[in-house]
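First up is the structure itself, then whatever we jot down about it.
The values are calculated or read from the model by the stated rules, or taken from the named source; none is laboratory data. Remember, it's a predicted structure, so these values are computed and weren't measured experimentally. Here the Cβ positions follow ideal geometry from the backbone for every residue, glycine too, while neighbour counts run over all protein chains shown. Just so you know, the surface numbers come from the protein's heavy atoms only, side chains and all, with ligands and any DNA or RNA stripped out. Shrake-Rupley method; radii C 1.70, N 1.55, O 1.52, S 1.80 Å.
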Amino acid sequence: MVKNNKILIVCVLLLGFYLFKNFLSKNMISGTYVSNNKQSLIDGPNFGDTLKIYSNDRFESQTWGNGKYKLKHSLTGTNIQLNYRFEFGEASYEMNIYRSFFSKPRINLDSDLEYYFEKID
């Protein structure tokens with residue numbers, strides 16, 4: 001009986017950690033983010049780009065301009081899809097959002113290069 005309780009407690013803790021790290025709401029992600037990338041990405045921001053996310057489904061960015069966003073929740077976590085207009089029509093850019101116990105939310109630009117937007121406000 002004690003062994004089953006320990007297993008249950010470990011499972012609940014792991015599930016809680018997974019949900020804390022991967023599932024974020026609009027209110028949790030609203031704010032100002034700054035990119036840390038050292039070079040421009042092909043369809044992404046320049047170094048020091050600012051991304052402002054509002055709780056009314058709107059965003060502002062130096063790279064993508066003004067537009068709307070959608071949050072997508074799945075078993076792998078939360079993604080944000082930025083929808084914006086540019087000179088050839090409409091486009092979108094999708095990124096993963098995550099956080100740890102010791103950091104503010106981050107929006108992943110390129111996981112291999114460790115480029116991300118970090119929330120500053």
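With touching a residue at least 12 places away in the same chain (Cβ under 8 Å), assigned to a loop (DSSP other than H, G, I, E, B) and under 30 Å from Phe17 (Cβ atoms) as the only criterion, which of Asp112, Asp121 stands out?
Asp121
For segment 1-55, what are the residues that are in contact with a Gly (Cβ under 7 Å, 6 or more places away or on another chain) and at pLDDT below 75?
Asn22
Among Phe59, Phe47, which is open to solvent by 80 Å² or more (accessible area, probe 1.4 Å), under 17 Å from Phe117 (Cα atoms) and not charged (D, E, K, R)?
Phe47
Within segment 74-97, how many residues are open to solvent by less than 60 Å² (accessible area, probe 1.4 Å) and aromatic (Phe, Trp, Tyr)?
Number of matching residues: 2.
Collect the residues in segment 64-121 that are hydroxyl-bearing (Ser, Thr, Tyr) and more than 11 Å from the chain's Cα centre (by Cα), keeping them in residue-number order.
Within segment 64-121, Tyr69, Ser74, Thr76, Tyr84, Ser92, Tyr93, Ser100, Ser103, Ser111, Tyr115 qualify.
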